[in-house]
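Notes to accompany the following structure.
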Amino acid sequence: MAKETSEIVLSIEDLREVSRYAAECAQEVLEIFERAHPADSRPRDAIDAAWTFARGGKRGKTLRDTAWAALRAARDADTAAGAAAAGDAARAAMSAASAAYLHPLADAHQVKHILGAAAYAARAAELVAGDDRGVGAGHIDQARRRATPIVVDVLSRYPAAPPGGGRVGELLRDLDEALRGRS
């Protein structure tokens, strides 16, 4: 039997606000990637595309293309020795560009479109700090404070974040719980 999901109403303004939030979170750790890969602009391009959409640009091919390119940058970074932090910073950028494609389905996995950039950014910061979970918790707290009432309202329309996902999944769920506690 197929899993049924109900549809959620999302306005273009909702999507722009979620994208703005994700771009802000990803921007915070972009330098981690750029220090490791100064000639690779793919994560920056993804964040720039997210900002463009958030500020009134079109939701189109550029967002998708830059999101995929940032994901490829993350995978390329993962192949370099000790590059997990750079890879997670690039995944934060990918998440920022893909936030505009939040689907209007009541599916817990959609929470990753809303909070993924923040969770990947927190993990990248943790890794740069020697896997210091306190640093990640600090980033999650900052992401909680950064979330506007619109972001919290959009999040509240979805089921809670899904299980799994390793440390990034833990950070995602921590932020999800903190934001739902705000509403």
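Going residue by residue through the range 54-62, is there one that turns out to be part of a helix (DSSP H, G or I) and under 16 Å from the mean Cα position of the chain (by Cα)? Yes, the conditions are met somewhere in the range 54-62. When you go through (1) crowded, with 24+ Cβ neighbours inside 10 Å; (2) part of a loop (DSSP other than H, G, I, E, B) one by one for V18, which number turns out not to apply? The failed condition is (2). T66 satisfies every condition listed in (1) out of contact with any Asp or Glu (no Cβ under 7 Å at 6 or more places or on another chain); (2) not in a loop (DSSP other than H, G, I, E, B) except (1).
Answer with yes or no whether L10 is assigned to a loop (DSSP other than H, G, I, E, B), closer than 25 Å to A161 by Cα and either touching a helix residue (DSSP H, G or I) at 6+ places or on another chain (Cβ under 6 Å) or not aromatic (F, W, Y) (or both).
Working: assigned to a loop (DSSP other than H, G, I, E, B): yes; closer than 25 Å to A161 by Cα: yes; either touching a helix residue (DSSP H, G or I) at 6+ places or on another chain (Cβ under 6 Å) or not aromatic (F, W, Y) (or both): yes.
For L10, the condition - assigned to a loop (DSSP other than H, G, I, E, B), closer than 25 Å to A161 by Cα and either touching a helix residue (DSSP H, G or I) at 6+ places or on another chain (Cβ under 6 Å) or not aromatic (F, W, Y) (or both) - is met.
Taken over the range 125-152, the residue count meeting the criterion of being closer than 15 Å to A22 by Cα and either assigned to a helix (DSSP H, G or I) or among the hydrophobic types (A, V, I, L, M, F, W, C) (or both) is 13. Taking the range 78-125 as the range and being surrounded by fewer than 21 Cβ atoms within 10 Å (Cβ to Cβ) and among the hydrophobic types (A, V, I, L, M, F, W, C) as the test, the residues that pass are A80, A81, A83, A84, L105, A106, A108.
Using the structure shown, decide if D153 is on the phi > 0 side of the Ramachandran plot and over 16 Å from the mean Cα position of the chain (by Cα). So D153 fails the test.
Laboratory data are not the source of any read-out in this text; all were calculated from the coordinates shown. As the structure is a computational prediction, the values presented were derived from the model and not from experiment. Cβ: placed from backbone, ideal geometry, glycine included. Neighbour counts: every protein chain shown.
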